[in-house]
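Novice: Okay, handing you the structure first.
FYI, it's all coordinate maths here, none of it is from the lab. In this text the structure is predicted, and so the values were computed from the model without any measurement. Please note: Cβ atoms are built from the backbone with ideal geometry, for glycine as well, and neighbour counts cover all protein chains shown.
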Amino acid sequence: MEGLFEKSYQKLLRVPTEFKRYLADEIDWSSRLIGIKGARGAGKTTLMLQYAKLHLPQGKETLYTSLDSLYFTDHTLVDLADQFVMQGGKFLLLDEVHRYANWSQEIKNIYDDQPDLKIIFTGSSIMHINKAKGDLSRRAVMYELAGLSFREYLNFTQGTTLKAINFNDLMSTHTSIAMDMIATMRPYEHFDNYLKYGHYPYFLENIGLYPQKLAETISLAINIDLPAFHDISYKSIEKIRLLLHIIAESVPFKPNISKLSERIDLSRNNLVLYIKYLEDIRIIRGLYPDTKGIGLLQKPEKIYLHHPNLQYALANEQSNVGNMRESFFINQIGKLGPVTYTAEGDFSFKNYIFEIGGKNKTNKQIKHIENSFVAADEIEIGHNHKIPLWMFGFLY
């Protein structure tokens, strides 16, 4: 285990602590078993290591390891936990748990057999603990880390300390909030850059190579994360890739299931299932008429890429400003709860109807609907039922 400790110390030593994600303040860190899931590149590992560096003892009591380590080719996770506890270990941080075949069962056994050990683990956004081999749903407290909000992007790149805006406050007092904010900085100046490269924290490594890195991350999610949870063949993965290519070229995509099934040579059920898979790994987002009744094989009315950054990575030549605006809106507000399809307007959220557009967009089409609003791009300050689009990036 000495090698694992050495790597753990190096990881903790190098992790930056200046900028912390929104989820750091939402997690109940006192829980004995905490799971953090999310899309590849969202920052799960950094979040976990930051907590360990700032709040846990540095030494034999704390150990970080990734479950894709070669150590686990001839050691089990249970054996590691047993040895760790015998040597005085109290805090076990497990990264990439889905890369370990029997992760849920063994974590369940460790939780039950080592009552003094606290475990924090991370895994893919496709991870559903109540469907895993070892049912952790009654033991683990699960959280999902979303990509950077526009607010977090500004704090990350500009050194600001902007606070999140409560949704109800945004609806009722957006004009005064925007005026107060613009008195100290101009958020909209940075909005286009955020849409191009600001959603995943690793953009800072090399902005020029970010679209390529993002495309590679998508490939890893399809090639590695999906097979870790579903029994799918290489041929099926290739069909999922083709499906994503078709969607990326046409977003917002209105799926004609019959024609799409024929083009990809898939049954209807498998096609809808593969759409769900791409949603689970946070590459696309389906828009459904009623989220309460979503079945496994229900098709979405529309499909968007999960965030505008993905459009630049997958189909830059096809990107258009209208799609970017809608993709941004549904991504940011969708963090708060389900966004649904509506026959009038673009989106329904809670008891509100939203139209998305540019600075000249009016509420003419939806003004007869109570609680209807326009989320307008290209403006800094809104008035009455017209809210600046960028402000929806401050909801978390």
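Novice: Using 0.36 nm times the number of residues separating Gln105 and Arg186, minus their current alpha carbon distance, what extension gain do you get?
Specialist: That works out to 24.1 nm of additional length.
Novice: Can you tally the lysine pairs in region 2-145 where the Cα-Cα distance is under 15 Å and the two residues are eight or more apart, or on different chains?
Specialist: 16
Novice: Still on this structure, I have one more. Please list, by residue number, every one of the trypsin sites (Lys or Arg not before Pro) in region 8-37 that is coil in DSSP and has at most 16 other beta-carbon atoms within 10 Å.
Specialist: In loop regions of region 8-37 (DSSP not H, G, I, E or B), the sparsely surrounded trypsin sites (Lys or Arg not before Pro) are Arg32.
Novice: Let me ask something else about it. Once phi is turned into ³J(HN,Hα) by the Karplus curve 6.51 cos²θ - 1.76 cosθ + 1.60 with θ = phi - 60°, what whole-Hz value does each residue of region 328-336 show in order, with x for glycine and proline?
Specialist: Whole-Hz 3J(HN,Hα) from phi for region 328-336: 4, 4, 5, 5, 6, 6, x, 5, 8.
Novice: Right, next: Once the Cα atoms of helix 167-182 and of the chain are each reduced to a long axis, what angle between those two axes, in degrees from 0 to 90 to the nearest 10, is obtained?
Specialist: Helix 167-182 and the main axis of the chain meet at about 80 degrees.
Novice: Could you go through region 10-16 in sequence order and give the Karplus-derived ³J(HN,Hα) for each residue, using 6.51 cos²θ - 1.76 cosθ + 1.60 with θ = phi - 60°, rounded to whole Hz, and x for Gly and Pro?
Specialist: My calculation for region 10-16 gives 5, 4, 5, 5, 8, 5, x Hz in order.
Novice: Here is a further query. Starting from the 7 Å offset along Cα-to-Cβ, what nm value, one decimal, do you get for the label separation of Ser258 and Tyr9?
Specialist: Spacing of the two 7 Å Cα→Cβ label points: 6.7 nm.
Novice: Let me ask something additional. Work out, step by step, the length gained on full extension between Asn384 and Asn168: first 0.36 nm times the residue separation, then minus their alpha carbon distance; give nm to one decimal.
Specialist: 76.4 nm
Novice: Under the rule of at least 5 residues apart or a separate chain, name every residue whose amide H is placed under 5 Å from the amide H of Phe347.
Specialist: Amide H to amide H, under 5 Å and 5 or more residues apart or across chains, Phe347 pairs with Phe354.
Novice: How much length, in nm to one decimal, is gained on full extension between Leu220 and Glu370, taken as 0.36 nm per residue of separation minus their Cα-Cα distance?
Specialist: Contour length minus the Cα-Cα distance gives 49.5 nm.
Novice: Give the peptides 264-271, 189-196 in descending order of average Cβ contacts within 10 Å, highest first.
Specialist: Taking the mean over residues of other Cβ atoms within 10 Å, the ranking is 189-196, 264-271.
Novice: In region 1-73, what GluC sites (Glu not before Pro) fall in a loop by DSSP, with at most 16 other Cβ atoms inside 10 Å?
Specialist: Those satisfying the criteria are Glu18, Glu26, Glu61.
Novice: Computed FRET efficiency, Cβ-Cβ of Asn269 and Phe19, R0 45 Å: what is it to the nearest 0.05?
Specialist: Computed FRET efficiency for Asn269 and Phe19 comes out at 0.55.
Novice: If you don't mind, there's one more thing I want to ask. In nm, give the distance between the simple-model label positions of Glu301 and Arg32, each being 7 Å from the Cα along the Cα-to-Cβ direction.
Specialist: 4.6 nm
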